[in-house]
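Heads up, the thing below is written out as structure tokens.
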């Protein structure tokens, strides 16, 4: 059941923390000063459990059917939105289904098919270059190790972890801008370098939840914990977050900041996700999945 429009909560399944409770928790943290490593680990794992309840449908937001498609889509997603990539890849994969076809495709045609993504020439070169490498060195199969993936054109550690976690079931932490921002806001790290952020966060969680955690933080960053104005007043982990108060703490004001399926007026889309509908099914029903 979805909350009615007058409710201050983000949705019925999302934990609501009254502002007074969050403020009292923040005051306790200020009084006690620093946090032990064990306390940070316990708090971090409580945050993860609450985010898992808030986003039980959290998955990679790029559409893909196999490791090859996910690899290409992730390379294309640099400096653009997943929604836009998902609008381009169906035509690209229909024309060039696998690495053999893409490696031999006319460069001009590949550029034209990804033109709307920005930096299209370099992205076209990257995906054709990695197609050639995969054909020549891996017999057309996407390699399944971090060490091999990061040698491919356009593939860094973040892209490699996306592919490993979502296509091969190998636990990995994906540190994009949202993940890094939230990890710092939650007090899990003070690092800016993505590899150092990954190391610090990995030490707080068992590997079994690394991939899931990546989705949950990215979802939360896109929907609620925004860069400039986070929706603190409806955040399910407001009483666990050292950065509470960075954004509006009034629940009704905060609720207006929610995005994607949590945004007011998009209850039908949220219900679809909670019912287990796939992103492709929801798009087919006419839902726009962007913010």
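Miscellaneous remarks
- With respect to the conditions (1) under 23 Å from the mean Cα position of the chain (by Cα); (2) surrounded by 17 or more Cβ atoms within 10 Å (Cβ to Cβ); (3) not assigned by TED's automatic domain parsing to the domain that holds residue 263, residue 96 falls short on a single one, namely (1).
- Qualifying residues in segment 49-66 (those that are surrounded by fewer than 18 Cβ atoms within 10 Å (Cβ to Cβ) and in contact (Cβ under 8 Å) with a residue 60 or more places away in the chain) - the one nearest to residue 144 (Cα to Cα): 66
- Unmet requirement for residue 226, which otherwise passes all of (1) in contact (Cβ under 8 Å) with a residue 12 or more places away in the chain; (2) over 27 Å from residue 19 (Cβ atoms): (2)
- Here is the figure for segment 149-183: residues that are free of Cβ contacts under 8 Å to residues at least 40 places away in the same chain, part of a helix (DSSP H, G or I) and over 19 Å from residue 73 (Cβ atoms) total 2.
- Residue in segment 122-134 that is under 26 Å from the mean Cα position of the chain (by Cα), modelled with pLDDT under 95 and in a loop (DSSP other than H, G, I, E, B) present: no
- Of the residues making up segment 184-200, those that are free of Cβ contacts under 8 Å to residues at least 60 places away in the same chain and assigned to a helix (DSSP H, G or I) number 8.
- Some residue of segment 9-26 being part of a loop (DSSP other than H, G, I, E, B), out of contact with any helix residue (DSSP H, G or I) (no Cβ under 7 Å at 6 or more places or on another chain) and surrounded by fewer than 15 Cβ atoms within 10 Å (Cβ to Cβ): yes
- Among residues that are surrounded by 17 or more Cβ atoms within 10 Å (Cβ to Cβ) and either at pLDDT below 95 or in the same structural domain as residue 126 (by TED's automatic domain parsing) (or both), residue 160 is included.
- Selection count where residues are closer than 22 Å to residue 243 by Cα and surrounded by fewer than 20 Cβ atoms within 10 Å (Cβ to Cβ), scope segment 167-184: 4
- Enumeration of residues in segment 99-121 that are within 24 Å of the chain's Cα centre (by Cα) and in contact (Cβ under 8 Å) with a residue 12 or more places away in the chain: 114, 116, 117, 118, 119
- For residue 279, the conditions (1) buried (at least 17 other Cβ atoms within 10 Å of the Cβ); (2) modelled with pLDDT of 95 or more; (3) under 20 Å from residue 81 (Cβ atoms) are fulfilled apart from (2).
- Test: residue in segment 256-268 that is crowded, with 21+ Cβ neighbours inside 10 Å, at pLDDT 95 or above and assigned to a helix (DSSP H, G or I): yes
- Qualifying residue in segment 224-236 (condition: surrounded by fewer than 19 Cβ atoms within 10 Å (Cβ to Cβ), part of a helix (DSSP H, G or I), modelled with pLDDT of 95 or more and touching a helix residue (DSSP H, G or I) at 6+ places or on another chain (Cβ under 8 Å)): no
The values are calculated or read from the model by the stated rules, or taken from the named source; none is laboratory data. The model shown is predicted, which means the values in this text are computed figures rather than measured ones. When we count neighbours, we look across all protein chains shown, and the Cβ atoms used for this are built from the backbone with ideal geometry, even at glycine.
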